[in-house]
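Asks: The structure follows.
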Amino acid sequence: MVPFRTGEQMKRKLYIKTYGCQMNVYDTERMAEAMAPDGYVVTEQPENADLVVLNTCHIREKAAEKVYSDIGRIRAMKSTRQKQGQDMMIAVAGCVGQAEGQEIMRRAPVVDMVLGPQTYHRLPAMVREAGDRQARGQKTHLMDVEFAIEDKFAELPRPRGDKGPAAFVTIQEGCDKFCSFCVVPYTRGAEYSRPVDRVSEEVRRLVDEGVVEVTLLGQNVNAYHGEAADGSTSSLARLIRNLAEINGLERIRYTTSHPRDMDDELIAVHGEVDKCMPYLHLPIQSGSDRILAAMNRKHTADLYTDIIGRLRAARPDLALSGDFIVGFPGEMDEDFEATMQLVRDVGYAQAYSFKYSPRPGTPAAEDEAQVPEAVKAERLAALQALLGEQQKRFNADTVGRTLPVLLEKAGRHEGQLVGRSPYMQAVHVTIDDASSGNPKPGIGSIVPVEIVGAAPHSLEGRIKGAADRPAA
Ligand code: SF4
């Protein structure tokens, strides 16, 4: 068997499965970059991997069970490789690792190491340590689930901007809100904001490498309170205004926000900073004040709709996205109807909706007034039908308009490109014959695209001809 040692001279294969949110996508990229100096290259085939990392998420239903079932599949692949004289190391990272580290080691001894969202920068050192232990014939079981966030960003390699013109930048992590259904405060820890200089430096470097759009990430991104160069505390609004001054950066987005942190300063940014895109993901979870109180959301439905009104006054074309949980413990028909009414009143461009499922260790999981599955399913179907209709209408309303689209990658068909509208819609762009003779727009450019068709989840557009193509 090949002993598990890393080294720059050896090329080893790394497979990372990412579950859940955009923060995990960002973390996965950072882990791949952190392993590169040790000779690891990313593969899409787990069966060929020397190192498999499951970057897990604890938000969705039966999250831990899905991870165990994936570990079972990976174990079979590992066993095949071992019969061929090769090995495979298995790491569980992310929020399930954080929440259930000991349990994972107990239930799945094939896992070599467990690390949390705040310790993934230590992955290379852990893999080296595990390799050394293997070579000595010792057990590898390593676990690191501390909450040392400050180290993480300082020690991670700098993100590369060579993955397309749009990039994520984590600016904030953790949450102090303790919604009664959510594990984030337990798995990601208390709120932490990266200093302004570090964020600006990362964005400038990405722009130098061709990035034109950044999405600022945080579990509670609008609670951002990073230290500014003068020692003061910067809000998210101030950070966005600073970043908007970077030449070459054309678009700024941020996610995920909490209504309580949607202050006047940030609302004003939507009206005053052109680079701040007219799209906002602002979860409410329920339209019923009774359920919002039980969820410990610390806001009412009225506060939410008031914020939406002020945002739309500042930026009338703002497209909204939200999150909804149906069947929260104690949810009655009238509570659900309040959610439906709120959705009708607000009107969403898109939204995410889920049946409530208990997360071990959260207060709501202990509530005895659990809603029967059949009721949850019925409510979810009704809500999704309404949200689906709204999304369809929102997309249909853009047909006939010309929107600035950031071209992000090649499409599936010859000559087709795929991009994003300011409202986060995916746009499949065909380059019209009439534009031949024009230099073809490249990936990374923002071009005016005439929207000629709409599907529930995407738009179809064409680039205007030579005569009528204005500068983007
Ligand atoms: S604000 Fe968001 S991340 Fe924080 S506890 Fe509530 S749902 Fe979880």
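Every number here is computed from the coordinates shown, using simple stated rules; none is lab data. Please read these numbers as outputs of a predicted model, since none were measured by experiment. For neighbour counting, all protein chains shown are included, and Cβ atoms are generated from backbone atoms with ideal geometry for every residue, glycine included.
Asks: Using the structure shown, select from LYS355/LYS392; LYS13/LYS152; LYS177/LYS376; LYS17/LYS139; LYS275/LYS440; LYS78/LYS177 the pairs with a Cα to Cα distance greater than 30 angstrom.
Replies: Those over the limit are LYS78/LYS177.
Asks: Between GLU414 and ASP306, with labels modelled 7 Å along Cα→Cβ, what's the label distance in nm to one decimal, could you check?
Replies: According to this spin-label approximation, the distance is 6.0 nm.
Asks: At HIS141 and GLU366, where each label point lies 7 Å from the Cα along Cα→Cβ, what is the point-to-point distance in nanometres?
Replies: Rounded to a tenth, the inter-label distance reads 2.9 nm.
Asks: Turning to a different aspect of this structure: Given only helices, namely DSSP H runs of n ≥ 4 each adding -39500 (n - 2.57), what is the per-residue ellipticity at 222 nm of the chain, to the nearest 500 deg cm²/dmol?
Replies: On the way: 13 runs with 161 residues, N = 472.
It lands at -10500 deg cm²/dmol.
Asks: At most 12 other Cβ atoms within 10 Å plus a DSSP loop assignment makes a site exposed; report the longest stretch of the chain without any exposed GluC sites (Glu not before Pro). Present the calculation step by step, with values, prior to reporting the outcome.
Replies: Details: sites that count: GLU8, GLU44, GLU61, GLU245, GLU368, GLU414.
Answer from the scan: 62-244.
Asks: Counting other beta carbons within 10 Å of each residue's own, what order do THR80, THR140, THR187 fall into, fewest first?
Replies: THR80, THR140, THR187
Asks: Of ALA125, PHE178, ALA374, whose Cα points farthest to the positive end of the dipole of the chain (charges on the beta-carbon: +1 Lys, Arg; -1 Asp, Glu; origin at the Cα centre)?
Replies: Going by the charge dipole, the pick is ALA125.
Asks: Rounded, prolate or oblate: which one fits the chain, using the alpha carbon gyration tensor with axes a ≥ b ≥ c (rounded when a/c is under 1.5, else prolate when a/b beats b/c, else oblate)?
Replies: oblate
Asks: For the pair GLU33 and ASP176, how long in nm is the line joining their label points, each one 7 Å along Cα→Cβ?
Replies: Taking the two extended label points, one gets 2.8 nm.
Asks: Show which lysines lie in cross-link reach of LYS163 when reach means a straight Cα distance below 17 angstrom and same-chain residues fewer than eight apart are skipped.
Replies: Within the straight-line cut-off, LYS163 pairs with LYS409.
Asks: Also, quick follow-up: Tally Lys and Arg at +1 and Asp and Glu at -1 over the other residues with C-beta under 11 Å from the C-beta of ALA237: what net charge comes out?
Replies: Within the 11 Å Cβ shell, the charges total -3.
Asks: Calculate, for GLN102 and VAL452, the FRET efficiency according to 1/(1 + (r/R0)^6) with r their C-beta to C-beta distance and R0 51 Å; round to the nearest 0.05.
Replies: It comes out at approximately 0.35.
Asks: Go through ALA34, PRO404, SER353 and say which Cα lies farthest out towards the positive end of the charge dipole of the chain; charges sit on Cβ, +1 for Lys and Arg, -1 for Asp and Glu.
Replies: So the residue furthest toward the plus end is ALA34.
Asks: Please figure out what share of the DSSP beta bridges in the chain is antiparallel and state it in percent, rounded to the nearest 5.
Replies: Bridges in the chain are about 35 percent antiparallel.
Asks: Cβ under 13 Å from VAL371's Cβ, VAL371 left aside: what net charge do those residues give with Lys, Arg +1 and Asp, Glu -1?
Replies: -4
Asks: Please work out how much length the chain gains when fully extended from VAL375 to ALA268, using 0.36 nm per residue of separation minus the C-alpha to C-alpha distance, in nm with one decimal.
Replies: In short, 34.4 nm is gained.
Asks: If the chain between ASN48 and VAL399 were fully stretched, how many nm would it gain, using 0.36 nm times the residue separation less the Cα-Cα distance? Walk me through the intermediate numbers first.
Replies: Numbers: separation 351, 0.36 × 351 = 126.36 nm, distance 4.54 nm.
Stretched out fully, the ASN48 to VAL399 stretch lengthens by 121.8 nm.
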